[in-house]
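The values are calculated or read from the model by the stated rules, or taken from the named source; none is laboratory data. Note that the structure is a prediction, hence the values are computed from the model and not measured. As a convention, Cβ positions derive from the backbone with ideal geometry for all residues, glycine included, and neighbour counts pool all protein chains shown. Just so you know, the surface numbers come from the protein's heavy atoms only, side chains and all, with ligands and any DNA or RNA stripped out. Shrake-Rupley method; radii C 1.70, N 1.55, O 1.52, S 1.80 Å.
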Amino acid sequence: MKFRIPVAEPSIGKRELELVTEAVESGWVSSKGKFTVEFEEKFAKYVGVKYGVAASNGTAALHLALVSLGVGSGDEVIVPTLTFASVANVIIYTGARPVFIDSHPDYWCIDPDEIEHKITERTKAIMPVHLYGHPCNVEAIMRLAKDHDLYVIEDCAEAHGAEYDGKKVGSFGDIACFSFYGNKIITTGEGGMCLANDEYLAEKIKMLRDQGMRSEKRYWHEIVGFNYRMTNLQAALGVAQLERIDEFVGRKRETAEEYNSLLKGIEGVTLPPQMSWAKNVYWLYSVLIDNNGYGIDRDELVQKLAEKGVETRCFFYPMHIMPPYKRYAVNRRFPIAEKLSSSGINLPSSVNLTEEEVHEVAHLISDFHQE
Ligand SMILES: *Cc1c(COP(=O)(O)O)cnc(C)c1O
């Protein structure tokens, strides 16, 4: 079904077409070619990290991060339960166990106070996720990691340009992973990237991405790797998108302000978080619907908006209730994540969204409340 107002669609312009055409015409259509390296260098610089290694998608980037840090069978990796499933999947690919953590009620990301109780001698890493564009509590997580000698892999797939205390997310952990899927803040179609400040680690990620082959000794394989490369065509799109990232982030934040001013004060609607330390980039502008206060429940609202041609998304299901992941969370409770998951909704957030469309969506939401 095609919606009149989609939840998130990319903005692809002339410059994108120009660079992709250049890449096609150059004949360098696989991963070799100038755009891949250019995109890696420019994106790493944008975030403020030394090295970038592009990957075929965000999930591949997360998988490379874990393998490069030696995470494997018998290890435990701490992740939020309320996130996209690829975070749990990559842990399971390595043979390690995901250890799910509840959300913080004020900002919806992983709750650092809950992490402390779940650290064991098997814990290898923490993978915090900056959910829907709002940074997690980076400082608390980095402190825990330091105290317990754990790696931190930041999942920044939803938070390009977001900041914690004035510093971009992705610049704190040992490795940061980004996604450039079509609905993310910038896109390469499919695509991802690992960022790291450690040169040795960046080289290892690159080797793992390229079948475990040594870059200076062709067909000599040092380790068992993957083919997780990004193509030059994807990277050309990425270079063009990166030129507009400030504009995109600015648009997302303007849209959020607009929504906030129109939706505040509606009973039963909770606006998205904005902690004092956070620059939220509102990848998807998100609110909570309390069905008692609001009058109709979240699913009914989604349905009613769809009838008007407005696409929305419900929040992710928490990992611990789904078939492949349940067994990692036996006898545990995650009340905050469950509450967020059943009441959260992502509203249309494309950078192309017009002010009129924001008004229309907000007015529909306030009208349904009054019915
Ligand atoms: C989109 C996303 C990913 C995965 O990215 P893909 O490029 O789709 O593989 C990982 N983590 C989170 C939180 C995401 O939103």
Roughly how many whole Å is it from the C-alpha centroid of region 33-56 to that of region 272-327?
-> 32
Isolated cysteines for the chain, Cβ-Cβ cutoff 4.7 Å, are 156, 177, 194, 314
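Please calculate how many Å² of accessible area region 19-96 carries per residue, with a 1.4 Å probe and no DNA, RNA or ligand atoms counted.
Working: 2930 Å² over 78 residues.
Per-residue value: 38 Å².
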With only helices counted (DSSP H, runs n ≥ 4, each -39500 (n - 2.57)), the per-residue ellipticity at 222 nm for the chain, to the nearest 500, works out to -11500 deg cm²/dmol
Report, in debye and to the nearest 20, how large the dipole of region 7-78 comes out about its Cα centre when Lys and Arg carry +1 and Asp and Glu carry -1 on their Cβ.
-> 220
On a C-alpha basis, how far is the centre of region 12-26 from the centre of region 139-155 in Å? Whole number, if you could?
-> 40
With a/c under 1.5 counting as rounded, go ahead and sort region 57-160 into rounded, prolate or oblate using the C-alpha gyration tensor (a ≥ b ≥ c being the square roots of the eigenvalues; past the cut-off, prolate if a/b is larger than b/c, else oblate).
-> oblate
Have a look at 122, 298, 218 and tell me which one the Gaussian network model of the chain (Cα, springs below 10 Å) gives the largest fluctuation.
-> 218
When every alpha-carbon pair in the chain is counted, what percent end up more than 34 Å apart?
-> 27
Could you give me the radius of gyration and the Dmax of region 81-129, taking only the C-alpha atoms into account and expressing both in angstrom?
-> 11.0, 33
Please work out how much accessible surface residue 224 shows to a 1.4 Å probe, ignoring ligands, DNA and RNA, in Å² rounded to 10.
-> 130
Using only the Cα atoms, what convex hull volume per residue in Å³ does region 245-370 have?
-> 142
Run the numbers on the chain and let me know its relative contact order in percent, using alpha-carbon pairs under 8 Å that are six or more apart.
-> 23
Find which of 107, 271, 46 sits farthest along the positive direction of the dipole of the chain, computed with +1 on the beta-carbon of Lys and Arg, -1 on that of Asp and Glu, about the Cα centre.
-> 46
For the chain, what is the charge dipole size about the Cα centre, in debye to the nearest 20, if Lys and Arg each add +1 at the Cβ and Asp and Glu each add -1 at the Cβ?
-> 1160
If r is the Cβ-Cβ distance from residue 354 to residue 25 and R0 is 45 Å, what FRET efficiency results, to the nearest 0.05?
-> 0.85
Sites residue 243 and residue 292 - FRET efficiency at Förster radius 51 Å, r taken between beta-carbons, to 0.05 | 0.65
DSSP-defined antiparallel bridges as percent of all bridges, the chain, nearest 5 | 60
Which value in Å does the Kirkwood hydrodynamic radius of region 185-309 take, with 1/r averaged over all unlike C-alpha pairs and then inverted?
-> 18.8
Using only Cα positions of region 44-95, each an equal point scatterer, no hydration layer, compute I(q)/I(0) via Debye at q = 0.17, 0.21, 0.24, 0.30 Å⁻¹ and quote the log10 values to two decimals.
-> -0.60, -0.84, -0.98, -1.17
Sites residue 299 and residue 322 - FRET efficiency at Förster radius 22 Å, r taken between beta-carbons, to 0.05 | 0.75
Those residues of region 275-318 whose amide nitrogen sits under 15 Å from the label point placed on residue 262, 7 Å along Cα→Cβ | 285-287, 305-306, 308-312
